[in-house]
Amino acid sequence: MPTTRTREATIKNRLLRLLNALPRCRAIAFPGTAGRGGEPDIFCCYQGRSYFFEVKAPGAPGVTALQAATLTKWQGAGAVALVVRSTQEALATLQDGGPPDAIHAFSCQGVTAWPDSGQ
C-alpha cells in the first residue's frame, strides 16, 4: 500500500542533489559504519562553512541520545549541526548561515540540545 509520507532516504537523496548543484557547495552522505554510530547523515561545506545535517522524515521520532551528543560535538567544533525534516529546512539554514549561537536545532527524548523544528 503506497504511503504519502516522505521517507527519510528520499529526503536525503533530494537534499544531496540540491546541495551539490549549488555553487561553492560540496555535500556527501555519511554511511553508517561500525564504530561510527551517531554521525549526521549529510556532511556539507557551503561557501567555506561546515554544515552537518541529521535527516528525519516528517512525523518520525527525533534523534537518539548518541545522535544528539554527536551533533553537539560538531557544533562545539564550530560547525552548524542540526536536524532537518525537509530539503526546504536545510536550504533555509544555508541561506540564513545556520542557527544562532544560542542552541536552536533539535531535541530528543531524554536529551536536550536544541529544540526540534517540528516540521
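Bear in mind these aren't lab numbers, they're just calculated from the coordinates by the rules spelled out. For clarity, every value in this text was computed on a predicted model and none was experimentally measured. Neighbour counts run over all protein chains shown; Cβ positions are idealised from the backbone, glycine included.
Can you put Y46, Y51 in order of Cβ neighbours within 10 angstrom, beginning with the fewest? It would help to have the intermediate numbers written out before the result.
Numbers: Y46 21, Y51 24.
Sorted ascending by nearby Cβ count, the order is Y46, Y51.
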Starting at 0 and stepping by 5 Å, how many percent of the alpha carbon pairs of region 25-78 end up in each bin?
4, 18, 26, 28, 17, 7, 1
Non-local amide H neighbours of A57 (under 5 Å, H modeled in plane, Pro and chain starts lacking H): which ones?
E8
